[in-house]
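Input: a single structure, listed below in structure tokens.
The values are calculated or read from the model by the stated rules, or taken from the named source; none is laboratory data. Every value quoted in this text rests on a predicted model; they were computed, and no experiment measured them. Note that each Cβ is placed from the backbone with ideal geometry, even for glycine, and that neighbours are counted across all protein chains shown. In case anyone asks, the SASA skips ligands and DNA or RNA and just uses the protein heavy atoms, side chains included. Shrake-Rupley method; radii C 1.70, N 1.55, O 1.52, S 1.80 Å.
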Amino acid sequence: MNKCVRTAVAAAAAACAAVVLIPAQAQAAEYSSALKIRGVQYDAPGRDSNSCTSGNTRDEYLTIKNYSSRATINLRNYVVKDAAGNRFAFTANHYLQPGDYVKLRGGNGTDSDKYNVVYRDNCNFLWNNDRDTIYLYKPSGSRSDVHAYTRSGSDPDRNGYIRFH
């Protein structure tokens, strides 16, 4: 092979390597947070009733998981929002060990690290039964995760629970 051909082959190989690296870098930036939405029970079983005493708001929940293998994450000042701007802010310390999760439930109750639950202390439903987009924000205001669902597009078994990861 002459010098010109070797140079052209080397340049083409370098260009291909650069093209392959660009998407990998973009993907790494997109998933840089260890805290992610694991799933959502957006349609509580039974007839929807947001009564604090007899309703089923507690059966609607969002599962958030710490996918880190080493870091413990404090949920204090993390914020969950939906497409309509409804929001919930974690105002108390709640620590997720590596691989641990928490269910953010509607309704009233006692938050518990032992039982992996935080209550919104609000008896109104947050997630739409047909479609919604859920955003999870870090205390800094940057996005930790985002997921959208539709009843027909993202819930093939029609049980109202979607697993994302």
#### Entry: Top-ranked residue of region 97-117 - restricted to ones that are part of a loop (DSSP other than H, G, I, E, B) and free of Cβ contacts under 8 Å to residues at least 12 places away in the same chain, ranked as nearest to the chain's Cα centre (by Cα)
Tyr115
### Query
From Asp145, Asp121, which residue is modelled with pLDDT under 95 and more than 15 Å from the chain's Cα centre (by Cα)?
Asp121
#### Entry: Meets criteria (out of contact with any Asp or Glu (no Cβ under 8 Å at 6 or more places or on another chain), at pLDDT 95 or above and exposed (fewer than 14 other Cβ atoms within 10 Å of the Cβ)) for Arg87
no
### region 55-96, residues that are in a loop (DSSP other than H, G, I, E, B) and out of contact with any Lys or Arg (no Cβ under 9 Å at 6 or more places or on another chain)
Gly55, Ser68, Ser69, Arg70, Ala71, Thr72, Leu75, Arg76, Ala84, Gly85, Asn86
### One residue from Asn77, Asn93 being in contact (Cβ under 8 Å) with a residue 40 or more places away in the chain, open to solvent by 50 Å² or more (accessible area, probe 1.4 Å) and either out of contact with any Ser or Thr (no Cβ under 6 Å at 6 or more places or on another chain) or within 15 Å of Arg143 (Cα to Cα) (or both)
Asn77
